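Written below as structure tokens is the structure these notes are about.
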Amino acid sequence: MLSLILFLLFPLLTTSSSSFTSPLIQSACNSTTNYSLCISTLKSEPNSLKATNIEDLSKISITISLSYATNTSSYMLAPAPTMAGASALRTCAQRYGNAREALQWALDALGDENYDYAAVHLGAAAEYPGMCRALFQGLSYPAEVARRERELKGLCQLDLDLVSLLSN
């Protein structure tokens, strides 16, 4: 009898948690502008499966965005100072630092249940990466920088979508 129960439960036991999406995540992501980004972002953080409400998911999403902004800022400081565009990259790294700071403020506002204030900071965080393009005037805008700009803007939009669910 035990072997029959194990046989029937085996598919459930071997399903990785990364392929499972909670009903809360499904519901929240259905209300965002980019469902697939929402699902992939939240599934990348195992704690999202333990979330009990939209505020928890929002905090997780903003934390992921904050980490991405931090990583991108560091990436832009890595090139040799003599390469073309190095100065623009350093200034761009500062913009991603500003985005990181705005994301932290959004996270703090979320903790205070000040959703409007969180949304303002998320909007600002989404704008900072776009300032980088202007810094490369006369130079080729690096494809990797453009990709990171799009990704952070997408993550910030996801954060805004989730926070807006809290205001309703």
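Throughout, read-outs are computed from the coordinates displayed, never taken from laboratory work. In this text the structure is predicted, and so the values were computed from the model without any measurement. Cβ sites come from the backbone with ideal geometry, for glycine too, and all protein chains shown count toward neighbours.
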Taking 116, 159 and counting other C-beta atoms within 10 Å, the order from fewest to most: 116, 159
Per residue convex hull volume, Cα atoms of the stretch 52-168, in Å³: 79
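Sorting 158, 110 on the 10 Å Cβ count, fewest up front, what's the list?
Values: 158 27, 110 23.
If I rank by nearby Cβ atoms, fewest first, I get 110, 158.
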Which whole-number percent is the relative contact order of the stretch 53-168 (Cα, under 8 Å, 6+ apart)? 34
How many angstrom separate the Cα center of the stretch 24-67 from the Cα center of the stretch 87-165? 18
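Which order results if 21, 72 are arranged by neighbouring Cβ count within 10 Å, fewest first?
Working: 21 15, 72 26.
So the residues, fewest neighbours to most, are 21, 72.
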Of 140-148, 28-36, ordering from highest average Cβ density within 10 Å down gives 28-36, 140-148
